[in-house]
4 protein chains.
Amino acid sequence: MLVVMKAQATPEEIQAVCEHIEQLGFRPHPLPGAQRTAIGITGNQGEVDRGNLEALPGVAEVIRVSKAYKLASRDVKEEDTIIRFTGSDAAIGGRELAVVAGPCSIESREQAFAIAEQVAAAGAQFFRGGAFKPRTSPYAFQGLGLDALKIMSEIREKFGLRIITEALDTESLEAVAEWADVIQIGARNMQNFSLLKKAGRLRKPVLVKRGLSATLEEFLMAAEYVMSEGNYEVILCERGVRTFADHTRNTLDLSIIPAVKRVSHLPILVDPSHGTGRRDSVLPMARAAVAAGADGVMVEVHNHPEVALSDGPQSIYPNQFSEMMGEIEHIAPVVLRRLPRGIRVDVAAG
Amino acid sequence: MLVVMKAQATPEEIQAVCEHIEQLGFRPHPLPGAQRTAIGITGNQGEVDRGNLEALPGVAEVIRVSKAYKLASRDVKEEDTIIRFTGSDAAIGGRELAVVAGPCSIESREQAFAIAEQVAAAGAQFFRGGAFKPRTSPYAFQGLGLDALKIMSEIREKFGLRIITEALDTESLEAVAEWADVIQIGARNMQNFSLLKKAGRLRKPVLVKRGLSATLEEFLMAAEYVMSEGNYEVILCERGVRTFADHTRNTLDLSIIPAVKRVSHLPILVDPSHGTGRRDSVLPMARAAVAAGADGVMVEVHNHPEVALSDGPQSIYPNQFSEMMGEIEHIAPVVLRRLPRGIRVDVAAG
Amino acid sequence: MLVVMKAQATPEEIQAVCEHIEQLGFRPHPLPGAQRTAIGITGNQGEVDRGNLEALPGVAEVIRVSKAYKLASRDVKEEDTIIRFTGSDAAIGGRELAVVAGPCSIESREQAFAIAEQVAAAGAQFFRGGAFKPRTSPYAFQGLGLDALKIMSEIREKFGLRIITEALDTESLEAVAEWADVIQIGARNMQNFSLLKKAGRLRKPVLVKRGLSATLEEFLMAAEYVMSEGNYEVILCERGVRTFADHTRNTLDLSIIPAVKRVSHLPILVDPSHGTGRRDSVLPMARAAVAAGADGVMVEVHNHPEVALSDGPQSIYPNQFSEMMGEIEHIAPVVLRRLPRGIRVDVAAG
Amino acid sequence: MLVVMKAQATPEEIQAVCEHIEQLGFRPHPLPGAQRTAIGITGNQGEVDRGNLEALPGVAEVIRVSKAYKLASRDVKEEDTIIRFTGSDAAIGGRELAVVAGPCSIESREQAFAIAEQVAAAGAQFFRGGAFKPRTSPYAFQGLGLDALKIMSEIREKFGLRIITEALDTESLEAVAEWADVIQIGARNMQNFSLLKKAGRLRKPVLVKRGLSATLEEFLMAAEYVMSEGNYEVILCERGVRTFADHTRNTLDLSIIPAVKRVSHLPILVDPSHGTGRRDSVLPMARAAVAAGADGVMVEVHNHPEVALSDGPQSIYPNQFSEMMGEIEHIAPVVLRRLPRGIRVDVAAG
């Protein structure tokens, strides 16, 4: 259920509607829009009485939302969601493409700083690096943990990059929320509903990676889990799904970009590194992602991928990252986007 | 790495080898077999020095295990693992088929007792029922939680059924470990490595359901996560994978049964209810599972599936459950199995 | 559209209805049932005028068939189709399980006769052997062609086995129709509509193997293509579909058996050899197929699989075939089936 | 096996090597390159004696090709294959992007001409239109057949567009080869090896669409079937594969573009119309295809998609086609491509 407020509704009227919803035993989610505020209603105690709500001052209309996802739906919020970061001009979801780069894992202070310096110079605004690693084998490198978070925190100070890193469980969630700017929920945890709800109770943006066999609806329901707890700053990320095809590690499903844009206001990034698992496919698919309308890309960059502790074969070199930035800068205007910083890389003229 | 002890090795010698392994910074996993004990070695600090170990008293040989899964591998333990329950003749993995039955969710004491009575009468030894439900939607029924656990605990007392129920996170894991006999890790959490490790620190059997897009190796690595923490009582459960096929909710992959038997000593059950999502396919696929060599089946039974709060369309009626028991009793001898209690259901003669 | 005739309708009345349908520009398909005859109507020139038909003598009612497949549907023919062979008691689709066995390819007269003798002795009624082979590589062995057909024709004479072999195109279709008893359309040709239509114009039973990514509806539509040309003797065959799973060559989807039985009257066999691609999985999956309700199995048997020109790793040995026959004979009564010849293999009692 | 000739080898020396290969019972495939000619050797009678060949005049070296596909491999021909059309500057595979547009089916002369006029004006060089339609249902519209071919032949005369249309079987193959410029082999026939071989004996370019569950190797082996018969003008076309994802009709696998470019010299087009099945996804995925490095795109355009006899929901309007041309013209330089005719469509500046 969705309460659409009149354009001229006052903050007090909005507040009064929210309180009324709470008294009915439901949860109100006020979502301000450019023209007017909408208030999503969630809770599983049954149907809300529409008549009572329509009679309240400032209410324009009450709409039933038939989709399984409600707060993530464009029916509830028509304008694109833009995630902003205080003290920075970095943003995810607006006119400017978001570029996230960094190593799979933080391996040492030296490695992380070397990569951060290069990706910052090439125009990235976000730095990614694994602190807590979800590894298929219990005997594989599991990440540096808190030490990695502290290194990334220094990187934010030094290079002005915003930090995105994965949380695996309650313990790491708290640490990530304290030290990073965006909490990543990995593909394997996309239906770890307990973790999603806990992330929803925090007030840090949450990046949700698509599960290896998640449908569009399940992907949006994962976002909905976060949002249902009151955290509306959710970023989606396509990273490849599992199919019979064996020429890439996963099959990057770029057609989910226009599909998400049709039904949801949430921004969506694309990770061509995990999506293909092959260095020589990252640039082509990063270009394709931007051309298809993604809000940005997330790529693994390593200065010495041949000795990386994880995901070496899919990490690109810093000079390839610069090349990629030049390429997506050229493509961006076709989808009414641009890179935030003016990068000057020559692209061969037609 | 695997240390195979001599047949006549003494407990003291085994103990000494374990201590030596710990001093080297690794973790020993003594796994007693019918003939002799093997000691698996895990840890990710690099390669163990084989020479030192081979010189210890009681050691027959030291073998390198090349598979990614070690403790779950038949290379490490040749005999089938049988999970037994104190104070009960119920078992999973041996000559007798394990039959797990019950509703998707515990909805009330009345509902649970009614179903339990009927499945116990028909020969089930294990009762399943959801207390904590992983639901795709945050607005769907999430289970009765602790109340459900208490109801199932009463069912154990009254009907002698052993209880299997799902844990979703740290909180529910502790509760399930306290009240139930087997901790279920659901398909969506099969790669929730943090949860697997926590379950590995408990001393209750753990049933791991196959993820919707899990390969055989990933499935066994999930078991390995539990075992690497010292809990060797792991039961696998096939419950369908996600494919393009649309005539069932998932595609039940019965060929994983002989594949698991080839490489692992762990028992494997089959859940044809989730595996097909259709009541009229449950009996055929339960029969097929037993014929393919499964160690048992896990089915959803409901006395009033048309009003079930979850999974009604795939729950069978109690009389269908009785019919199923008769059918699998007939098939069992072909795979050198039997049902633990003599059920007398006539099967039309050939 | 379907015209259901009255139980006491005369052959002349049926004939008159068929002629009337033809005059309307459609094609009548009279399908005799146990109680009464139904006449399917196909053609793509639009809607038939129901009123005219209902007024004809002998017509009970006219029913609109809403499914995409019509002649293959149970709506049009309620009783199971049984394919019989003149001069033989072999049948596919009735009370008796059909067992098809033989090598992947006919390699020589000696090889074929040796295998045929053994499978006949163990109770097979149908012999399979590739004469025209669809190979992924143009440089691989393509089959002995007409010579293979002649060898199999001799096998029919000598051992009384009915012959099933694949046709690839117009040329091989004519040859197969002349020399064999059942024309096989392979998985890769399941949507070779031109070939299906040509097979539909012949009067030999057609076995259609499921395509590697065929849905249930597409599978039945392939059968419908054959039937729409007037050949109603179609046998379906599940042989595995393509998924991400890598522990078998294909994923054998046994749940399609109850799904087919729900909506179609056509018989369905299962091929666990192609369905798994592994010798050690053939017996478990053959047993499972029978337990799930298949009308029979089709397996590759080779006397020297280690030197087979194709598919050696998935061919079972003759003694394994005998073992399989004993196993499915034991399981058969549960699904109200039996093997046609009394095989006496002891199965360990429960 | 591959014979690499010296740069200065004479035509007579090349001819002599070919004749020698034939005498050995194999088939020579001379493939001229920019620097020198290579001669592929195929045939399945076993191994060629390398020593004999290396001794022939003009031979630089003899190389064993280990891949299953040989003539399609870059090992055999390093430079990209460019398909040219006499009497036209249209080409597939070179610096200029190939754009193929037209309706799913030719429905009438008026419809076809109206669409052809618009796509020609917007810059397409190739016209596509179904004459023989592979339909899942035997009762669906099967195409106008020869009449459609004649209409398209007139379109070539009038608008200078080159014609691409599908052949389904021996009969339609001959007709298509006579009337069209490129013979299309559809996805459902990608492993109809008999049809591929017949197309290989013609001397018209062949466009092979990827099968719904074809791996990269199988896709290239389909091309190899055509090439093994001496027709080296093969164009690949990605059109989506079948997965669990349900937000599009198929999952368009753009990552196959860099994968093909790595191992093969053949050009590859992308069909975002079949690849997504949704009008609103065609432009995003056409842009993405070009950005990923495709040699061109193939799209369905209809002037009245709402009344199209087939595939209406995925056909774009002519004005969307013009928009697409402007977009890909802008993207092309990033991948060192251009559109052949100067289209002037303004793209919003960054």
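Annotations for the structure displayed:
- Among the residues of segment B:86-103, those identified as assigned to a loop (DSSP other than H, G, I, E, B) and either modelled with pLDDT under 95 or charged (D, E, K, R) (or both) are B:T86, B:G87, B:S88, B:D89, B:A90, B:G94, B:R95.
- Segment A:38-68 - residue that is within 23 Å of A:Y225 (Cβ to Cβ) and polar (S, T, N, Q) and, of those, modelled with the highest pLDDT: A:T42
- Residue match in segment A:260-277 (condition: touching a Phe, Trp or Tyr at 6+ places or on another chain (Cβ under 6 Å) and surrounded by 21 or more Cβ atoms within 10 Å (Cβ to Cβ)): no
- Single residue of segment C:183-211 satisfying the filter (in a strand (DSSP E or B) and in contact (Cβ under 8 Å) with a residue 60 or more places away in the chain) that is farthest from the other protein chains (Cβ to nearest Cβ): C:L207
- Every residue from segment A:163-182 that is under 16 Å from the mean Cα position of the chain (by Cα) and either free of Cβ contacts under 8 Å to residues at least 12 places away in the same chain or in a strand (DSSP E or B) (or both): A:I163, A:I164, A:T165, A:E166, A:V182
- Test: residue in segment A:165-188 that is crowded, with 24+ Cβ neighbours inside 10 Å and hydroxyl-bearing (S, T, Y): yes
- Output for segment A:37-57, where each listed residue is within 14 Å of chain B (Cβ to nearest Cβ) and either at positive phi or not aliphatic (A, V, I, L, M) (or both): A:G40, A:T42, A:G43, A:N44, A:Q45, A:G46, A:E47
- Within the option set B:V290, B:V299, being part of a strand (DSSP E or B), buried (at least 24 other Cβ atoms within 10 Å of the Cβ), modelled with pLDDT of 95 or more and in contact with a strand residue (DSSP E or B) (Cβ under 9 Å, 6 or more places away or on another chain) holds for one residue only, B:V299.
- Unique match (being buried (at least 20 other Cβ atoms within 10 Å of the Cβ) and closer than 30 Å to B:A122 by Cα) among B:V99, B:V17: B:V99
- For first residues located in segment B:126-148 and in a strand (DSSP E or B), partners that are among the hydroxyl-bearing types (S, T, Y) and buried (at least 20 other Cβ atoms within 10 Å of the Cβ) and lie 6+ apart or on another chain with Cβ distances below 7 Å form the pairs B:R128/B:T165; B:G130/B:S105; B:G130/B:T165.
- Scanning segment B:250-273 for residues being under 20 Å from B:D311 (Cα atoms) and within 15 Å of the chain's Cα centre (by Cα) gives a total of 4.
- Complete set of residues in segment A:231-256 that are within 7 Å of chain D (Cβ to nearest Cβ) and in contact with a strand residue (DSSP E or B) (Cβ under 6 Å, 6 or more places away or on another chain): A:V241, A:T243, A:A245, A:T251, A:D253, A:I256
- Selected residue (only one of C:G230, C:G240 is assigned by TED's automatic domain parsing to the domain that holds C:L283, touching a helix residue (DSSP H, G or I) at 6+ places or on another chain (Cβ under 7 Å), among the small types (G, A, S) and farther than 20 Å from C:S105 by Cβ): C:G230
- Residue within segment C:38-47 that is of a type outside the set (D, E) and surrounded by fewer than 12 Cβ atoms within 10 Å (Cβ to Cβ) present: yes
- Among the candidates A:M227, A:M221, residue that is in contact with a Ser or Thr (Cβ under 6 Å, 6 or more places away or on another chain), of a type in the set (A, V, I, L, M), under 27 Å from A:V76 (Cα atoms) and in contact (Cβ under 8 Å) with a residue 12 or more places away in the chain: A:M221
- Which numbered condition B:E157 fails, given (1) without any contact (Cβ under 8 Å) to a residue 40 or more places away in the chain; (2) part of a helix (DSSP H, G or I); (3) in contact with a helix residue (DSSP H, G or I) (Cβ under 8 Å, 6 or more places away or on another chain): (3)
- The residue of segment A:160-178 that is farthest from B:L212 (Cα to Cα), among those that are away from chain B (no Cβ under 12 Å) and in contact with a strand residue (DSSP E or B) (Cβ under 7 Å, 6 or more places away or on another chain), is A:L161.
- Condition check for A:V119 on (1) touching a residue at least 60 places away in the same chain (Cβ under 8 Å); (2) in a loop (DSSP other than H, G, I, E, B); (3) crowded, with 21+ Cβ neighbours inside 10 Å: one failure, at (2).
- Segment B:17-36 - residue that is part of a strand (DSSP E or B) and within 16 Å of B:R74 (Cβ to Cβ) and, of those, nearest to the other protein chains (Cβ to nearest Cβ): B:H29
- The listed residues are C:M1, C:M5, and the only one of them that is modelled with pLDDT under 90, surrounded by 19 or more Cβ atoms within 10 Å (Cβ to Cβ) and not polar (S, T, N, Q) turns out to be C:M1.
- Residues (of a type in the set (D, E, K, R), out of contact with any Asp or Glu (no Cβ under 7 Å at 6 or more places or on another chain) and farther than 17 Å from C:L212 by Cβ) located in segment D:207-251: D:E224, D:E229, D:E233, D:D246, D:R249
- Residue check for A:L212: assigned by TED's automatic domain parsing to the domain that holds A:R262 and either under 30 Å from D:T251 (Cβ atoms) or surrounded by 22 or more Cβ atoms within 10 Å (Cβ to Cβ) (or both): yes
- Among the residues of segment D:58-89, those identified as more than 14 Å from chain C (Cβ to nearest Cβ) and without any contact (Cβ under 8 Å) to a residue 24 or more places away in the chain are D:R84, D:T86, D:G87.
- Residues of segment A:62-76 that turn out to be surrounded by fewer than 23 Cβ atoms within 10 Å (Cβ to Cβ) and outside any strand (DSSP E or B), as a count: 7
- Considering each residue of segment D:13-35 in turn, none proves to be of a type in the set (G, A, S) and in the same structural domain as D:M221 (by TED's automatic domain parsing).
The values are calculated or read from the model by the stated rules, or taken from the named source; none is laboratory data. None of the values given here were measured: they were computed from a predicted structure. Neighbour counts are summed over all protein chains in view; Cβ atoms, including those assigned to glycine, are modelled from backbone coordinates with ideal geometry.
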